[in-house]
Amino acid sequence: MSRVKIVGGGLTGILAAFQAHAMGAVDIELHERFDNLGGVALPDVRNGLEMREGCIYFGPGTDPIRALLETHGLEFQDFDNRFGSLSPGDVYIEDFGGPGFACADIALTAPVGPSLADRLDCYPAAMRDPLVRYAHWHLGCDLSTVHESAATPLAINRSYPVGADLETLAEAKRTNPLANELLAIPRHLWGHTNNLQASLPVGGFPTLLRGCRRALEAIGVTIHERDLVSPRQALAEHAGEVLVWAANPTPLFKAAGVPVPRLLPKSFATYTFEARWTGALPFYVQNFTAEGSCFRVYVYESGGKTLLTAECVAEDGGDELSWDIHRLLKGFEGDLTLGDLLAASIKPRWIYHTVDAIERLTQLRATLAERVGPAFVAGAWEPYAKGEKFVEMDAALSAALGVSKAKAAA
């Protein structure tokens, strides 16, 4: 098949269009329900400044997503990837974005189920209990209903036992898959070089996404904006074409006759300030203390100014938030002066899967595979990291178009 219809104009849909073209598709349509391409990667722009909600980075030159975009003329700028975390007991850890707890015990038990509660039960009590408190503070729900994959967007997929012997911990990570999955060592403590470099698009994300649009049009991709595609119609008309559903899969359940899963509705408040910061830029800090309202602070440059975004579990725009922000950054090199509030928003984020949602997504995939076959490409709905999404989508698109891995790579 050489016809490809892509539903969803976020980063996954954009990459699918570029890859479909590289795989030989000659008739590619990209459908986006809103006015612009980009999805969550497209920030609000006010007075020429990007109000970024969350930290979206690309990797160094070896990053396959960056490499693909660069082949179409998009440009990136490398930076030293600096970050840190604050855990209970005022434990500040540089170059580690996860939690650290005073614990010498690294004995783990195997998970007995698929929930986040099951995953956290694998840890010794000195790590498990503060992780449970943090997850409850962040999500505010029964953790047995949340899928264990939520550990990644919660940034608790790996935890550092601060009191453990480093040699013993490193050996456990090398030899025990469960220890490697659940435990961490900050990179500066064992010479780990992963993530030392990252990159951002030259000119910012709006420039990147405008460039993507121009590049897509240059290779013949037809872009339909403000176009809400009916799932029933798309599935009924798929004959002779590959259908890539890179949008939210929720509308597909009813169309496929699969029960709609119970979702986890969670909204977060985001505040962006003008700031002065003498430390590394960009820089972010995660808060695992389960205190205050702010779970992450992100400091970055946009339009020649330094901006600071605070992501909060609840609405909090006053003096307490300012105190929270300063508390998060005080353990790291740099002085902060917080300026005017530039933007505030409260939005839902559908990034934490329930156990029911993962089960229903599996059922949905099976139903669509039976009905449509490999001509239906799911938009990597379950993974959180964009790299994992790209690999999954790329493999499914290759199969749908009948392209070998070697040919696709060439």
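Results, tabulated for the structure shown:
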{"quantity": "Contact order normalised by residue count of the stretch 92-190, Cα under 8 Å, 6+ apart, percent", "calculated": "36"}
{"quantity": "Per residue convex hull volume, Cα atoms of the stretch 124-169, in Å³", "calculated": "88"}
{"quantity": "Efficiency of FRET from Cβ geometry, ASP95 and GLU225, R₀ 25 Å, rounded to 0.05", "calculated": "0.05"}
{"quantity": "Net charge of neighbours whose Cβ lies under 11 Å from the Cβ of ASP27, counting Lys and Arg as +1 and Asp and Glu as -1", "calculated": "0"}
{"quantity": "Distance between the stretch 135-190 and the stretch 70-112 - C-alpha centres, whole angstrom", "calculated": "10"}
{"quantity": "Prolate/oblate/rounded label for the chain (Cα gyration tensor, a/c 1.5)", "calculated": "prolate"}
{"quantity": "Gain upon complete extension [LYS266, ALA369; 0.36 nm per residue less C-alpha separation]", "calculated": "34.0 nm"}
{"quantity": "Relative packing of peptides 137-145, 92-100 - highest average C-beta neighbours within 10 Å first", "calculated": "92-100, 137-145"}
{"quantity": "Total charge dipole magnitude, the stretch 358-401, about the Cα centre, Cβ charges on Lys, Arg, Asp, Glu only, Debye to nearest 20", "calculated": "120"}
{"quantity": "Dipole of the chain [Lys/Arg +1, Asp/Glu -1 at C-beta], most positive-end residue of THR306, PHE96, GLY379", "calculated": "GLY379"}
{"quantity": "Per-residue HN-Hα couplings for the stretch 290-300 [Karplus 6.51, -1.76, 1.60; θ = phi - 60°; Hz; x = Gly/Pro]", "calculated": "6, 10, x, 10, 8, 9, 7, 10, 10, 10, 8"}
{"quantity": "Modelled FRET efficiency - R0 35 Å, ALA236 with VAL202, Cβ distances, 0.05 increments", "calculated": "0.25"}
{"quantity": "Cβ-derived FRET efficiency at R0 35 Å, ALA385 paired with LYS305, nearest 0.05", "calculated": "0.75"}
{"quantity": "Label-point separation in nm, ARG214 to THR337, each point 7 Å along Cα→Cβ", "calculated": "3.7"}
{"quantity": "Relative contact order (%) - criterion: Cα under 8 Å, at least six apart; region: the chain", "calculated": "23"}
{"quantity": "Cα-based shape type of the stretch 224-376, given that a ≥ b ≥ c are square roots of the gyration tensor eigenvalues and the cut on a/c is 1.5", "calculated": "prolate"}
{"quantity": "Pairwise centroid distance, computed over Cα atoms, of the stretch 199-243 with the stretch 293-359, Å", "calculated": "30"}
{"quantity": "Residue-count net charge about PRO60 - beta-carbon cut-off 13 Å; Lys, Arg +1, Asp, Glu -1", "calculated": "-3"}
{"quantity": "Amide proton proximity set for GLY379, modelled H, under 5 Å, gap of 5+", "calculated": "TRP245"}
{"quantity": "Gain on full stretching of the segment that runs from LYS330 to ALA104 - 0.36 nm per residue minus C-alpha separation", "calculated": "78.7 nm"}
{"quantity": "Cα-centre dipole for the stretch 267-348 with unit charges at Cβ (Lys and Arg positive, Asp and Glu negative), debye to 20", "calculated": "220"}
{"quantity": "Dipole magnitude (debye, nearest 20) for the chain, charges at Cβ of Lys, Arg, Asp, Glu", "calculated": "1040"}
{"quantity": "Filtered GluC sites (Glu not before Pro), the stretch 1-53: DSSP coil and at most 10 other beta carbons within 10 Å", "calculated": "none"}
{"quantity": "Order by protection proxy (mean Cβ within 10 Å, highest first), peptides 348-359, 116-127", "calculated": "116-127, 348-359"}
{"quantity": "Extension reserve of the GLU315-ALA67 stretch, reckoned as 0.36 nm per residue once the Cα distance is removed", "calculated": "85.4 nm"}
{"quantity": "Calculated P(r) of the stretch 267-348 - Cα pairs past 20 Å, %", "calculated": "24"}
{"quantity": "Over the stretch 267-348, relative contact order from alpha-carbon pairs under 8 Å, at least 6 apart, %", "calculated": "47"}
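None of the figures in this text is laboratory data; all of them are computed from the coordinates on show. Keep in mind that this is a model prediction, so the values were computed, not measured. So basically every Cβ, Gly included, is an ideal-geometry build from the backbone, and we count neighbours across all protein chains shown.
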